[in-house]
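Below is one structure; the comments refer to it alone.
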Amino acid sequence: MKLTPERIKRYAKDIGISVEELQSFVGLGRQKVYQAGDYLFHESAPRRWFGIVMEGKVDLLSGLSGRHVSVGCLGEGAIINESILMDELAHSVSGVAVGEVKIWTIGRDVVMDFREAHPEVYYRMVSRAARRIGARLRETTSRFANSEQMRVEVTGFRREHDSLGDREISNSHYFGIQTSRAVDNFPFSGIRLSHYQHFVNALALVKKAAAVANAELGALDPEISKAIVQACDRIIAGEFHQHFVVDVVQGGAGTSTNMNANEVIANVALEILGHRKGEYEFVHPNDHVNCSQSTNDAYPTAVKLAVVASLKETLSALKVLRKSFEAKAVEFDDVIKMGRTENQDAVPMTLGQEFSAYAVMVGDGIRRLERASGDLCVINMGATAIGTGLNSPPGYAELCTKRLSEFSGVELELAGNLVEATQDAADFAVMSGALKTAALQISKICNDLRWASSGPRCGLNEINLPPLQPGSSIMPGKVNPVMPEVVNQICYQIIGSDLTVSMAAEASEFELNMAEPIIAYNLLSTLMLLKNAAIALSTRCIDGITANRERCADYVKNSIGIVTALNPVLGYERSASIAKEALKTGRSVYDLAMEKGWMTKEQLDDLLQPQKMANPLMPDGVTEPDE
């Protein structure tokens, strides 16, 4: 796909400049291709480029805390990140590719250079961008003002009954009596099911698959099944999430969550069929929506689907972080510095080698998480209460699993032993362990970043972190490494969450694990935290790191650690005596070795080359290839 003259002419009109002017601008850019589900940019991250959608669509999503709202979609010819022309504010939404997307991108630095070279053209583009943004704001305001979902109409109450008695439920609520009781009983975290969009969608997917399988096997009336499927589809599309109100931290092994889903779906289905909420003789939360199911198979299956969906976003963010470290490894490839072991001088290396190691650590975390994700694709749908399949028709488990795979787009597998799968939470523990390991590695990296940037006058000061905010209310000029600090703390939280998941997985007794709600809460929260931490660390810290090359070189020059390179010629004892004398007198290793006459100048110059010590296995006369 190329920028043809026809496209240039159309885009020039949209942007408000001549064809010739646009050609001079876009000639500075290049095409980038994104695959379905790829993030073009992340909410809260700095804007890095100006772009034009050449082919495909980009979904704009708002939300960092477990729930996304689609606020728009960009198609062919749409301008992306035009705000970069006017300010330095971060992205207010995330951009996700819908299918393959081709974008013509022009980097921020190039845009700024164009501003200096062609100010008249640039500010005409700014004027047009401001008008377009203003028009979008008016359209958005109108949409919110006219949105039916923004208004809650209370039209009275209905009376519902369960085995414990009766309750009045507002007709504005799609949940019912059992959900109402659960809201009273579990006022703990303040975090409702609706906070986790993927979890709500996963519950709807499970209920949809069950309804279809039951209808195919003759266990559910086709008209009722159809209404349940339509209700689930509307939930998956983003409707009714506000009615998933139960606290995620709850007793009952997830029964309250399951009933919240059953009641909402039943009441939506009732309205689809022309009935009123609460007329459960037509569509019942238990008899119909929960047909051939138990909380003990529907709930853990939904949790697994939600974790797998959330993990995709977290992996995308970790890949951004890995890419940032890889870029810095190349940039710092020629920066010689001292390596350190146990916080003591070791031997020389390059700063690029250090950042390359960080990239590998993040990559290891990605690999472990991907491997753990596969285990979560083994589910126990059809197990019902304890794994025996009581109250489900023959063939239901296999068919429901097949339909759930089709609807979710996840390749799922029915567990070989449903009794084991219903009580064993080991797969959740493995995922939590992989998250903990990734957090351990990232936290170690953040420790290094804080130490390497310490100072600026009285610390190591080998690197500079981007200054993000003033660091003290009493010490003028102080700037703290706030991004590594907060990511350290997030990692501590993830590590602590793993202990909770481990204890909860161990809490399984006989045929059921009652502690799966706290497992779900910790896994979904941890994935959200790690995703947001990776993006913030990458875009607000790593990408902006610079090296203090002279400081790094001085440490190598004045280090006693370089004496290690003399071991093969002088032996350990004589090398140690030089090190001891250098430390005592403050003189250099080089001068002392020369003075003692143990080596020639040529030998010393060869052995003590910092580049050679950093790459000792490289043949003489060979330099590292450019990346």
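Annotations for the structure displayed:
- Residue check for Ser44: more than 24 Å from the chain's Cα centre (by Cα) and of a type in the set (S, T, N, Q): no
- Residue satisfying all of: in the range 430-465; within 22 Å of the chain's Cα centre (by Cα) and open to solvent by 30 Å² or more (accessible area, probe 1.4 Å); nearest to Phe510 (Cα to Cα) among these: Val430
- Residue match in the range 441-463 (condition: among the acidic types (Asp, Glu), part of a helix (DSSP H, G or I) and under 30 Å from Met338 (Cα atoms)): yes
- Against the test of being over 20 Å from Met338 (Cβ atoms), open to solvent by 40 Å² or more (accessible area, probe 1.4 Å) and under 43 Å from the mean Cα position of the chain (by Cα), the options Arg574, Arg551, Arg540 yield a single qualifying residue, Arg540.
- Check on Thr422, crowded, with 16+ Cβ neighbours inside 10 Å, among the hydroxyl-bearing types (Ser, Thr, Tyr) and either at pLDDT below 95 or more than 27 Å from Val362 (Cβ to Cβ) (or both): yes
- Residue count for the range 197-219, restricted to those that are open to solvent by 10 Å² or more (accessible area, probe 1.4 Å) and touching a residue at least 40 places away in the same chain (Cβ under 8 Å): 10
- All positions within the range 114-141 that are touching a residue at least 60 places away in the same chain (Cβ under 8 Å), open to solvent by 20 Å² or more (accessible area, probe 1.4 Å) and farther than 16 Å from Ile80 by Cβ: His118, Arg124, Ser127, Thr140
- Scan of the range 307-334 for residues that are outside any helix (DSSP H, G or I) and either open to solvent by 30 Å² or more (accessible area, probe 1.4 Å) or modelled with pLDDT under 95 (or both), ordered by number: Asp333, Asp334
- Gly254 vs. criteria open to solvent by less than 10 Å² (accessible area, probe 1.4 Å) and either among the aliphatic types (A, V, I, L, M) or under 28 Å from Ile463 (Cα atoms) (or both): no
Okay, residues lined up against (1) among the hydrophobic types (A, V, I, L, M, F, W, C); (2) out of contact with any Gly (no Cβ under 8 Å at 6 or more places or on another chain); (3) not in a helix (DSSP H, G or I):
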{"site": "Ser473", "(1), (2), (3)": "no, yes, yes"}
{"site": "Lys478", "(1), (2), (3)": "no, no, yes"}
{"site": "Met483", "(1), (2), (3)": "yes, yes, no"}
{"site": "Val486", "(1), (2), (3)": "yes, yes, no"}
{"site": "Gln489", "(1), (2), (3)": "no, yes, no"}
{"site": "Gln493", "(1), (2), (3)": "no, yes, no"}
{"site": "Asp498", "(1), (2), (3)": "no, no, no"}
{"site": "Val501", "(1), (2), (3)": "yes, yes, no"}
{"site": "Ala504", "(1), (2), (3)": "yes, yes, no"}
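- Applying the condition of being in a helix (DSSP H, G or I) and among the charged types (D, E, K, R) to the range 281-306 and asking which residue is least open to solvent (accessible area, probe 1.4 Å) yields Asp297.
- Residue list for the range 337-365, filter: in contact (Cβ under 8 Å) with a residue 12 or more places away in the chain, surrounded by fewer than 21 Cβ atoms within 10 Å (Cβ to Cβ) and among the β-branched types (Val, Ile, Thr): Val347
- Output for the range 93-113, where each listed residue is open to solvent by 60 Å² or more (accessible area, probe 1.4 Å) and touching a Leu at 6+ places or on another chain (Cβ under 9 Å): Asp113
- Residue match in the range 366-387 (condition: in contact (Cβ under 8 Å) with a residue 40 or more places away in the chain and over 27 Å from Gln423 (Cα atoms)): yes
- Here Asn513 passes the criteria (1) without any contact (Cβ under 8 Å) to a residue 60 or more places away in the chain; (2) touching a Pro at 6+ places or on another chain (Cβ under 9 Å) except the one numbered (1).
- Helices (runs of 4 or more DSSP H) fully within the range 511-627 that include at least 3 residues being within 30 Å of Asp427 (Cβ to Cβ) and out of contact with any Leu (no Cβ under 8 Å at 6 or more places or on another chain): 516-540.
- Out of Ile560, Ile495, one residue alone is hydrophobic (A, V, I, L, M, F, W, C), touching a strand residue (DSSP E or B) at 6+ places or on another chain (Cβ under 8 Å) and surrounded by fewer than 21 Cβ atoms within 10 Å (Cβ to Cβ). It is Ile560.
- Residue match in the range 148-171 (condition: in a helix (DSSP H, G or I) and either of a type in the set (A, V, I, L, M, F, W, C) or surrounded by 14 or more Cβ atoms within 10 Å (Cβ to Cβ) (or both)): yes
- Count of residues meeting criterion [part of a helix (DSSP H, G or I), of a type in the set (A, V, I, L, M) and open to solvent by less than 20 Å² (accessible area, probe 1.4 Å)] in the range 392-419: 2
- Unmet requirement for Ala253, which otherwise passes all of (1) assigned to a helix (DSSP H, G or I); (2) farther than 14 Å from Lys207 by Cβ; (3) among the aliphatic types (A, V, I, L, M): (1)
- Filter pass, Asn286 being closer than 16 Å to Phe175 by Cβ, in contact (Cβ under 8 Å) with a residue 12 or more places away in the chain, in contact with a helix residue (DSSP H, G or I) (Cβ under 9 Å, 6 or more places away or on another chain) and not hydrophobic (A, V, I, L, M, F, W, C): yes
- Within the range 32-48, considering residues that are assigned to a strand (DSSP E or B) and open to solvent by 30 Å² or more (accessible area, probe 1.4 Å), the one farthest from Arg540 (Cα to Cα): Val33
- Test for Leu270: is it at pLDDT 95 or above, outside any loop (DSSP other than H, G, I, E, B) and either of a type outside the set (Ser, Thr, Tyr) or touching a Ser or Thr at 6+ places or on another chain (Cβ under 8 Å) (or both): yes
- Within the range 378-391, the residues that satisfy the criterion of being open to solvent by 20 Å² or more (accessible area, probe 1.4 Å) and not small (Gly, Ala, Ser) are Val378, Ile386, Thr388, Leu390, Asn391.
- Given (1) more than 24 Å from Glu313 (Cα to Cα); (2) open to solvent by 10 Å² or more (accessible area, probe 1.4 Å); (3) of a type in the set (A, V, I, L, M), index of the condition Ala182 fails: (2)
The values are calculated or read from the model by the stated rules, or taken from the named source; none is laboratory data. On a predicted model such as this, the values are computed, not experimentally measured, just so you know. Cβ atoms come from the backbone with ideal geometry, glycine included; neighbour counts cover every protein chain shown. Each accessible area value is taken on the protein alone, full model and side chains, heavy atoms only, with ligands, DNA and RNA left out. Shrake-Rupley method; radii C 1.70, N 1.55, O 1.52, S 1.80 Å.
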